[in-house]
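None of the figures in this text is laboratory data; all of them are computed from the coordinates on show. Here the structure is a predicted model, which is why all the values come from computation and not from measurement. We place every Cβ from the backbone using ideal geometry, glycine too, and count neighbours over all the protein chains shown.
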Amino acid sequence: MKLQILSASESREFSEMEKIVDSKVSIKGRESQWELWHALSRIMSGRLYREKHSSFYAYLRAKGIEQSRVSRGISALGVKYAIEEKLWLYDRESVRMIMSEHHLRELVGLDHDAMPEVVRVASQIAEGGKITAKNLKTARAKVSAPRAARRLSHRLDENGDSVPEVMAESFSARNALNELSDRIRAIAEELKAIASRPGGQFVPCEEILAGLGNISRALVLSGFGITCQECSGLGCTSCRNTGFHPKRRLRSE
């Protein structure tokens with residue numbers, strides 16, 4: 001793979017992130033670890049390593065940082081950001097107890113809308129004591145099953161409105177797309193584990209994971225979002241005669 005020259009702004013950012021990585025990589029404190037994962041996430045997403053290294057994995061190897069450790073840390077960081085983005089939905093004391101990488105890894109891959117409920121149930125399981133990672137795992141199992149059942153038995157669109165019978169088949173396709181997306185995310189996690197083991201060093205993990213992530217998102221965003229308000233699901237030019245608008249369109253508005 002041909003190495004590429006960074007722009008001036010990219011070089012500055014890489015230098016800043018490198019300083020954080022070098023200063024935090026051997027420190028065990030919680031805040032230091034989040035700073036480390038944030039810096040490595042910036043280096044990975046911006047491909048800031050590309051001037052000296054052929055891949056993010058090659059960069060980590062040169063730094064002596066275990067890839068599986070970074071994968072777990074960056075995944076937990078994504079959960080942390082999701083919680084902080086909607087902090088008002090949570091009990092503050094519960095959030096304080098779960099804001100560690102060990103805890104947040106139990107929420108990786110979970111629908112962000114389900115996280116407040118999982119944390120609430122975990123707090124109930126803990127019975128006023130400290131919320132453990134095991135509490136979160138148990139709460140996730142308790143919450144996920146009925147949510148899946150509700151999605152099947154009550155057709156609600158992205159705005160929380162009932163989906164008319166005429167849109168039942170389109171709505172069912174959305175559930176199928178979401179399930180397929182979940183399977184792809186599970187494959188990605190399996191790939192990370194394999195790539196971190198002896199014998200998996202030559203797997204182009206970064207490129208494959210990026211592709212799987214794009215596919216997973218595309219599947220979810222192409223599914224049923226809301227019934228077209230102009231035609232009530234009967235089909236018109238606004239919805240391209242489908243009767244609905246996909247999630248992708250809602251995100252862009």
(request) Would you grab the residues whose amide H sits under 5 Å from the one on Phe224? Only those 5+ places off in sequence or on another chain, please, with H modelled 1.01 Å from N. (result) Arg174
(request) Scale the Cα Rg of the chain by the rule-of-thumb value 2.2 N^0.38 Å and send over the ratio, two decimals. (result) 1.17
(request) Taking the Cβ of each residue in Trp88, Trp37 as the centre, tally the other Cβ atoms inside 10 Å and list the residues starting with the fewest. (result) Trp88, Trp37
(request) Of all alpha-carbon pairs in the stretch 158-253, indicate the percentage at a distance above 16 angstrom. (result) 62 percent
(message) To the nearest 20 Debye, how big is the dipole of the stretch 1-65 about its Cα centre, given +1 on the beta carbon of each Lys and Arg and -1 on that of each Asp and Glu?
(response) 240 debye
(request) Please list, in chain and number order, the residues 5+ apart from Phe244 or on another chain whose amide H is under 5 Å from its amide H, with Hs placed from the backbone. (result) Cys228
(request) Express in nm, to one decimal, how much length is gained between Arg92 and Lys130 on full extension, taking 0.36 nm for each residue of separation and deducting their alpha carbon distance. (result) 12.4 nm
(request) Arrange Leu60, Leu3 by Cβ neighbour counts within 10 Å, fewest through most, would you? (result) Leu3, Leu60
(request) List, in the order given, every pair from Lys19/Lys192; Lys52/Lys247; Lys80/Lys130; Lys86/Lys247 whose Cα-Cα distance in the structure shown is over 28 Å. (result) Lys52/Lys247
(request) Rounded to the nearest 10 degrees, what's the angle between the helix 8-24 long axis and the longest principal axis of the chain, both from Cα atoms, 0 to 90? (result) 80 degrees
(message) Using Cβ contacts closer than 10 Å as the measure, can you line up Ser32, Ser216 from fewest to most?
(response) Ser32, Ser216
(message) How much length would be gained if the chain were fully extended between Ser172 and Val108, taking 0.36 nm per residue of separation minus their Cα-Cα distance, in nm to one decimal?
(response) 20.5 nm
(message) Need one number for the stretch 85-153: average projected area of the convex hull over its C-alpha atoms, nm².
(response) 4.6 nm²
(request) Go through 43-55, 4-16 and give me the packing order, highest mean Cβ count within 10 Å leading. (result) 43-55, 4-16
